[in-house]
Amino acid sequence: MDTKKIESLVYQLLEAIGEDPNREGLLETPKRVAHMMHEMYAGIQYSNADIAKMHGKTFPVDTNQMVVVKDITCFSNCEHHMALMYNMNISIGYMPKGGVIGLSKIPRIAELCCKRLQLQEKIGEDIAEVISLATGSDDVIVHITACHSCMSARGVKSTDSKTTTLTTKGIFNEDAMIQRFMMLKA
Ligand SMILES: [Zn+2]
C-alpha cells in the first residue's frame, strides 16, 4: 500500500471539500488517515487462497459434527461509498472433513475478508470460500448482519435498519441444515 500517496491525496481531499489542510487540527490528519487505511484495508493484498494458506493449519479429528463460531464482531467498508459497515455480527459454520482449523483462526479469516472494499454479500462469499479452502470441506455457512453508514448517515437515513445475508455451500443448501445452524448460532 502506498501510504505516502494516500497522505498527499488526503491533503488534496481536505482542500477540495473547502478545508484548510494547514490549520492546526488538520496538520497530522493526512498521516493519520494513511495509517488508518493501512490497517483498515490490510486484506486487499491477500487473495482468498493466501488467507486460507495463512490460517489453514488443520488438526485431524474423527468428528463430522457441525462446528459453529458465532457473534464475531467486525467492520468493513462498502465498495460503493467507501463508507463504514458497522455493528457487524458474523456467524460461521462448517462440517469438518477429517480435520478442523484452530477456532481462533476463524475470526481472523473473517477479519481479513472484511478489511477490503466490500459488499456484505461478497464478505459472506469470501469467508465461505476461505473456510472451504482451509478446511477442505465444501459444507460452509456464513450469516452476517450489519449496519451500513451509507444508509444510516446519508440518502434514506435509515438509522436503525440492519442488513442480513446468508451464504450457503454444499450441504448447507438444505433447509434442515440451515435450521440446525440457526439454532446453534442463536
Ligand atoms: Zn455503500
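The values are calculated or read from the model by the stated rules, or taken from the named source; none is laboratory data. Keep in mind the model is a prediction, meaning the values are calculated, not measured. No Cβ is skipped: glycine too gets one built from the backbone with ideal geometry, and neighbour counts run over all protein chains shown. SASA here: full protein model, heavy atoms, side chains in, ligands and nucleic acids out. Shrake-Rupley method; radii C 1.70, N 1.55, O 1.52, S 1.80 Å.
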message: Among Met182, Asn22, Thr163, whose Cα projects farthest towards the positive end of the dipole of the chain, with charges put on the beta-carbon of Lys, Arg (+1) and Asp, Glu (-1)?
response: Met182
- request: Rounded to whole Hz and in sequence order, give me ³J(HN,Hα) for the range 84-99 from the Karplus expression 6.51 cos²θ - 1.76 cosθ + 1.60, θ = phi - 60°, writing x for Gly and Pro.
  value: 6, 9, 10, 6, 7, 10, 10, 10, 10, x, 8, 9, x, 10, x, x
- prompt: Angle between the Cα long axis of helix 3-16 and the longest principal axis of the chain, 0 to 90 degrees, nearest 10?
  reply: 50
- prompt: Which order do Arg116, Arg108 take by accessible area at a 1.4 Å probe, largest first?
  reply: Arg108, Arg116
query: What angle do you read, to the nearest 10 degrees and between 0 and 90, between the alpha-carbon axis of helix 175-185 and the longest principal axis of the chain?
result: 60
message: Using a 1.4 angstrom probe on the protein heavy atoms only, could you order Cys113, Cys150 from most to least accessible area?
response: Cys150, Cys113
task: Sort out for me the Cα centre separation of the range 110-131 from the range 1-77, rounded to whole Å.
output: 13
statement: Residue-normalised 222 nm signal for the chain, counting each DSSP H run of n ≥ 4 as -39,500 (n - 2.57), nearest 500 deg cm²/dmol, is -12000 deg cm²/dmol
field: Electrostatic dipole magnitude of the chain [Cβ: Lys, Arg +1; Asp, Glu -1; Cα centre; debye, to 20]
entry: 280
query: Averaged over all directions, how much area does the convex hull of the C-alpha atoms of the chain cover when projected, in nm²?
result: 12.1
field: Anchor Lys97: lysines whose Cα lies under 30 Å away (excluding residues fewer than 8 positions away in-chain)
entry: Lys53, Lys57, Lys70, Lys105, Lys115, Lys122, Lys169, Lys185
- prompt: Hull surface divided by four, with the convex hull built on the Cα atoms of the range 107-186: how many nm²?
  reply: 6.1
message: Using the Cα centre of the range 1-74 as the reference point, and only Cβ charges (+1 on K/R, -1 on D/E), how large is the resulting charge dipole? Debye, rounded to the nearest 20.
response: 300
query: Taking the chain as a Gaussian network, where each spring joins two C-alpha atoms under 10 Å apart, which residue of Ser76, Ser137, Ser104 fluctuates the most?
result: Ser104
field: Cα-based helix-to-principal-axis angle, 105-114 vs the chain, degrees rounded to 10
entry: 40
- prompt: Rounded to a whole number, what % of the accessible area of the chain do carbon and sulfur atoms account for, probe 1.4 Å?
  reply: 54
query: Of Ala16, Ala176, Ala52, which is the most mobile in a GNM of the chain whose springs link Cα atoms less than 10 angstrom apart?
result: Ala16
query: What ranking of Met88, Met183, Met1, Met66 comes out by heavy-atom accessible area, probe 1.4 Å, highest first?
result: Met183, Met1, Met66, Met88
task: Select from Gly99, Gly124, Gly56 the residue whose mean-square fluctuation is largest in a Gaussian network model of the chain (Cα-Cα springs shorter than 10 Å).
output: Gly99
- prompt: List the aspartates and glutamates whose alpha-carbon lies under 16 Å from that of Lys4, not counting same-chain residues fewer than 8 positions away?
  reply: Glu28, Glu39
